[in-house]
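The values are calculated or read from the model by the stated rules, or taken from the named source; none is laboratory data. All of these numbers come straight from a predicted model, not from anything done at the bench. Here the Cβ positions follow ideal geometry from the backbone for every residue, glycine too, while neighbour counts run over all protein chains shown. All accessible areas refer to the heavy atoms of the entire protein, side chains included, with ligands and DNA or RNA removed. Shrake-Rupley method; radii C 1.70, N 1.55, O 1.52, S 1.80 Å.
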Amino acid sequence: MTPWLGLVVLLGSWSLGDWGAEACTCSPSHPQDAFCNSDIVIRAKVVGKKLLKEGPFGTMVYTIKQMKMYRGFTKMPHVQYIHTEASESLCGLKLEVNKYQYLLTGRVYDGKMYTGLCNFVERWDQLTLSQRKGLNYRYHLGCNCKIKSCYYLPCFVTSKNECLWTDMLSNFGYPGYQSKHYACIRQKGGYCSWYRGWAPPDKSIINATDP
C-alpha cells in the first residue's frame, strides 16, 4: 500500500461513483481546503503511464508535463511523476494520456507526489473562472480561514474565522455554487467570509453565512 492511502479520510457514504469506484468513499472538500491542505498543486498534462508491482494491486505512475505550479515550490519545485493506487476501489486515480490538462493536488512522501480520488483533481477545462482565480491568488489568502461543512439544517458559524459551506444542502449537491464560484477569505475586520468579485476583498462584504 502506498503511503498516501494511510492519510485518505474515508468517511460516511460519500460515494465517488462518477469515477466508477463504488468502494471508494471520501469526505467532500471545498477546492480551497484541498488547495490549502495539499503539499503540491499543479496544472499538468499526462504524457505516459506505467504500472509498478507494489502493494496488493500495484501502483500506477503517471509521467506528466508540468504546466504551472500553484503550491509546493519548497516541497518539490518541479514534478515529473505522480503516483496513485492502481485500483479505483482503493481510491486510485485514472487519468487520460495525451488528452487533457489536469489540475492535480497531492502529498509528497520520500520525494514522490501521491494523489487519488479523495484529492481534488479536475480537468482544467472544467474549472470555473473563479476556481482558476482561486488557484492563482484567492485560495492562498484563505488558508487561515476554516470552511465549515453543513449537511443538515440548522447550521451556524461558531467563530469569526469560519465560512459556512452549504453546497451539500442543495438539490444539486456537491460540487455546488460555493465550490465553483467562491473563496473564504479573511477580511479587514478579522472575519472570514465568502468572496466573489473582481476587486480586492474589503470589510464591506463581510457576511459569514452568505451566499
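List the number of the failed condition for Tyr151; all other conditions in (1) of a type in the set (Ser, Thr, Tyr); (2) in contact with a helix residue (DSSP H, G or I) (Cβ under 9 Å, 6 or more places away or on another chain); (3) open to solvent by less than 70 Å² (accessible area, probe 1.4 Å); (4) more than 17 Å from Gly72 (Cα to Cα) hold.
For Tyr151, the exception is condition (3).
Of all residues in segment 152-192, how many are within 24 Å of Leu127 (Cα to Cα) and aromatic (Phe, Trp, Tyr)? Before you say what the answer is, go through the steps one by one.
Narrowing segment 152-192 to residues within 24 Å of Leu127 (Cα to Cα): 163-186, 192.
Subset that is aromatic (Phe, Trp, Tyr): 165, 172, 174, 177, 182.
Going through segment 152-192 one residue at a time, the tally reaches 5.
Quick check on segment 11-29. Is at least one of its residues modelled with pLDDT of 90 or more and surrounded by 12 or more Cβ atoms within 10 Å (Cβ to Cβ)? Walk me through how you get there before you give the answer.
In the first step, residues of segment 11-29 are kept if they are modelled with pLDDT of 90 or more; the result is 29.
Restricting the remaining residues to those that are surrounded by 12 or more Cβ atoms within 10 Å (Cβ to Cβ) gives 29.
Yes, the conditions are met somewhere in segment 11-29.
So is Lys133 under 18 Å from Val121 (Cα atoms) and among the charged types (D, E, K, R) or not?
Working: under 18 Å from Val121 (Cα atoms): yes; among the charged types (D, E, K, R): yes.
So Lys133 fits the description; yes.
In segment 69-93, what count of residues is obtained for those that are within 16 Å of the chain's Cα centre (by Cα) and either open to solvent by 10 Å² or more (accessible area, probe 1.4 Å) or within 19 Å of Tyr139 (Cβ to Cβ) (or both)?
Within segment 69-93, the subset within 16 Å of the chain's Cα centre (by Cα) is 69-72, 82, 84, 91-93.
Now drop any that are not either open to solvent by 10 Å² or more (accessible area, probe 1.4 Å) or within 19 Å of Tyr139 (Cβ to Cβ) (or both), which leaves 69-72.
Result for segment 69-93: 4.
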